[in-house]
Amino acid sequence: MTLHLNMATLGPEAVNDQGNNWPLNKETGFSPLNTFILAVAGCSAGVYRNILDNSKIDYTFHDVAIDYERSDENARPITAITITMYVSVAEENQGRAERATKMIHK
């Protein structure tokens, strides 16, 4: 798969197969850094949802909160991403749902 960026006046824009542009700048939406962090969290939440579905555990997603830390070094690399998923699960399935979180990063 090949992805494309247009280098527009306000910054890079991702282009999808339908030709729609998605600006990657913090003035009009999300910065490239925010997009990366959201992609990591979106994948993790999607994997967890699939695990719950495959485990036949009923659930309701309420929110996914993402916190991240960056180094003070020049390039300011990301040093940590913490993803907190707010999910309701029946009491009898809470242990199974909690154990399922260990499968997300495998």
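The values are calculated or read from the model by the stated rules, or taken from the named source; none is laboratory data. Keep in mind that what you see is a predicted model, and the values were worked out from it rather than measured. Heads up, the Cβs are rebuilt from the backbone with ideal geometry, glycines too, and the neighbour counts pull from every protein chain shown. Each accessible area value is taken on the protein alone, full model and side chains, heavy atoms only, with ligands, DNA and RNA left out. Shrake-Rupley method; radii C 1.70, N 1.55, O 1.52, S 1.80 Å.
Taking Cα atoms, how many degrees apart are the long axis of helix 32-54 and the longest axis of the chain, rounded to 10 and kept between 0 and 90?
20
What nm value, rounded to one decimal, do you get for the distance between A80 and T101 when each label is placed 7 Å out toward the C-beta?
1.5
Using helices alone, what [θ] at 222 nm do you get for the chain, with -39,500 (n - 2.57) per DSSP H run of 4 or more residues, divided over all residues and rounded to the nearest 500? List each step's numbers first, then the result.
Working: 2 runs with 30 residues, N = 106.
Only helices count here, giving -9500 deg cm²/dmol.
Taking the square root of 5 times each eigenvalue of the Cα gyration tensor, what semi-axes in Å does the equivalent ellipsoid of region 8-106 have, largest first? Numbers along the way, then the final one.
Working: eigenvalues 206, 65, 23 Å².
Taking √(5λ) for each eigenvalue gives 32, 18, 11 Å, largest first.
With a 10 Å cut-off between alpha carbons and a GNM built on the chain, which of R76, R49, R96 moves the most?
R76
How high is the FRET efficiency from T9 to V47, r the C-beta distance, R0 25 Å, rounded to 0.05? Write out the running numbers ahead of the final one.
On the way: r = 37 Å, r/R0 = 1.48.
E(calc), rounded to 0.05, equals 0.10.
Sequence gap at least 6, Cα distance under 8 Å: using those rules, report the relative contact order of region 32-106 to the nearest whole percent. Provide the component values of the computation, followed by the final result.
Details: 77 pairs, mean separation 25.3, N = 75.
Relative contact order for region 32-106 comes out at 34 percent.
Hey, what do the phi angles of region 84-94 turn into as Karplus ³J(HN,Hα) couplings, whole Hz, using 6.51/-1.76/1.60 and θ = phi - 60°, x for Gly and Pro?
Here the 3J(HN,Hα) series is 10, 9, 9, 10, 9, 9, 4, 3, 5, 10, 4 Hz.
What is the sum of charges around F36, taking Lys and Arg as +1, Asp and Glu as -1, for the other residues whose C-beta is under 15 Å from the C-beta of F36?
Numbers: positive: K26, R70, R76; negative: D67, E69.
Around F36, the surrounding residues sum to +1.
Leaving ligands and nucleic acids out of the surface, order I66, I37 by accessible area at 1.4 Å, largest first. Could you put the intermediate results ahead of the total?
Details: I66 50, I37 5 Å².
Largest accessible area first, the list is I66, I37.
Check S31: other-chain or 5+ apart residues with amide H under 5 Å from its amide H, H built from backbone geometry?
Hits under the 5 Å cutoff: K26.
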